[in-house]
Amino acid sequence: MKFYRILAAVDGGDADKDAIQLACRLAKETKGQVFVVHVIEVKRSLPLNAELDNDAEQGQRILRRALDCANERDCTIETDLLQAREPGPAIVTEIVEKQIDLLLIGMSYRTKFGHFDIGETIPYVLKNAPCRVMILRQPLENDAK
């Protein structure tokens with residue numbers, strides 16, 4: 001399998017670095033491109049284009065860390081900061097617009113009401129993404145305490 005256009009969706013968690021490193025490694029095999037996206041979730045009570053300065057600053061920090069991680073791997077990436085009501089549809093739109101071959105999403109091991117929980121974004125992209133999707137869950141010993 002060869003991947004020429006890879007999208008890594010990052011949220012600022014510990015798993016981001018692993019996803020970016022893997023995306024860079026896979027892209028080097030094919031001389032492909034790596035795109036990294038972070039989605040700012042906009043509350044329904046606000047207009048979609050609301051200026052969310054604190055969230056935008058945090059998003060830029062997350063994307064700078066992604067750039068630093070890629071630079072460590074001698075990999076060039078393109079980053080994008082999006083605003084949307086929900087991350088899932090925004091990520092799928094990016095996949096379609098950029099003609100992505102592989103989506104990488106890192107996630108921490110987390111629980112909700114005592115049970116393992118993957119949230120809403122991952123099931124959405126697994127159901128709707130027109131490309132391959134790879135989920136990188138962090139090891140239990142790093143997150144489940």
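The values are calculated or read from the model by the stated rules, or taken from the named source; none is laboratory data. Remember, it's a predicted structure, so these values are computed and weren't measured experimentally. Cβ sites come from the backbone with ideal geometry, for glycine too, and all protein chains shown count toward neighbours.
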Which condition breaks for residue 18 when tested against (1) out of contact with any His (no Cβ under 9 Å at 6 or more places or on another chain); (2) over 21 Å from residue 109 (Cα atoms)? (2)
Can you tell which of 73, 64 is within 14 Å of residue 17 (Cα to Cα), in contact with a helix residue (DSSP H, G or I) (Cβ under 8 Å, 6 or more places away or on another chain) and among the charged types (D, E, K, R)? 73
(1) under 16 Å from the mean Cα position of the chain (by Cα); (2) closer than 18 Å to residue 133 by Cα; (3) surrounded by fewer than 16 Cβ atoms within 10 Å (Cβ to Cβ) all hold for residue 2 apart from (1)
Out of 92, 125, 42, sole residue that is within 20 Å of residue 7 (Cα to Cα) and out of contact with any Phe, Trp or Tyr (no Cβ under 9 Å at 6 or more places or on another chain): 125
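Residues are listed down the side, and each one gets a yes or a no for (1) modelled with pLDDT of 95 or more; (2) within 14 Å of the chain's Cα centre (by Cα):
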site: 21; (1), (2): yes, yes
site: 25; (1), (2): yes, no
site: 48; (1), (2): no, no
site: 58; (1), (2): yes, no
site: 78; (1), (2): yes, yes
Entirely in region 30-145, the helices (runs of 4 or more DSSP H) that have 3 or more residues that are in contact with a Leu (Cβ under 6 Å, 6 or more places away or on another chain), surrounded by 11 or more Cβ atoms within 10 Å (Cβ to Cβ) and touching a residue at least 60 places away in the same chain (Cβ under 8 Å): none
